[in-house]
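Sharing a structure, written as structure tokens. Questions coming.
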Amino acid sequence: AEYKISIYALFFERGLEVLAPGGKLAYITPDSFLSGKYYSKLRNLLASYAVDSITLLEFPVFDNAAIGKGVITVITKQQAAENQVCVGVASKAGQLAKGPLFQEYRYEQQRLGTRFSLYLNNEELEVCSALDAFGARLSD
């Protein structure tokens with residue numbers, strides 16, 4: 001095979017299939033689906049539902065597991081409208097239980113269909129959007 005499938009993408013798809021309308025789904029997964037080029041179909045699938053929040057976890061989530069940075073994604077099974085996604089960054093596990101996250105941002109849900117970055121301020125967003133729109137591929 002040219003690349004490996006990450007099984008968590010299949011869990012998102014199946015979970016949304018069996019979830020009742022209006023139900024909520026939450027997973028802890030690697031953050032690779034947010035910007036990896038092989039996850040564009042998954043991002044488009046998620047963008048078709050109401051994504052309530054994405055929380056980047058800047059601490060190890062599971063003992064003895066190398067997943068890179070983890071994220072908690074919460075989705076409601078309803079059609080995405082003009083939804084804004086609440087994106088949070090938690091630097092310590094205790095922040096998740098106590099309330100306000102270390103940092104919190106809001107993004108238009110439609111941005112999920114493209115490569116999605118969690119750390120952008122408006123200036124960085126404009127630069128990255130321009131690069132995505134007008135950038136050329138580097139030659140081999």
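FYI, it's all coordinate maths here, none of it is from the lab. All values reported here derive from a predicted model rather than from experimental measurement. A quick note on method: Cβ atoms are made from the backbone with ideal geometry, for glycine too, and the neighbour counts reach across all protein chains shown.
Take the Cα coordinates of the range 1-77, assign each an equal point scatterer, and use the Debye formula without solvent to give log10 I(q)/I(0) at q = 0.15, 0.26 Å⁻¹.
Once normalised to I(0) and log-transformed, intensities are -0.53, -1.37.
Let me know the charge dipole size of the range 1-67 about its Cα centre in debye, to the nearest 20, where only the beta-carbon of Lys, Arg (+1) and Asp, Glu (-1) is charged.
It comes to approximately 220 debye.
Amide H of residue 59 versus every other amide H placed in the peptide plane: which residues, excluding those fewer than 5 positions away on the same chain, fall under 5 Å?
70
If amide H atoms are built 1.01 Å from N in the plane of the peptide, which residues on other chains or at least 5 residues away come under 5 Å of the amide H of residue 78?
22, 50
Could I ask something else about it? Mind ordering 27-37, 48-58, 63-73 by average Cβ neighbours within 10 Å, highest first?
Values: 27-37: 16.2, 48-58: 18.9, 63-73: 13.7.
In descending order of packing, they fall as 48-58, 27-37, 63-73.
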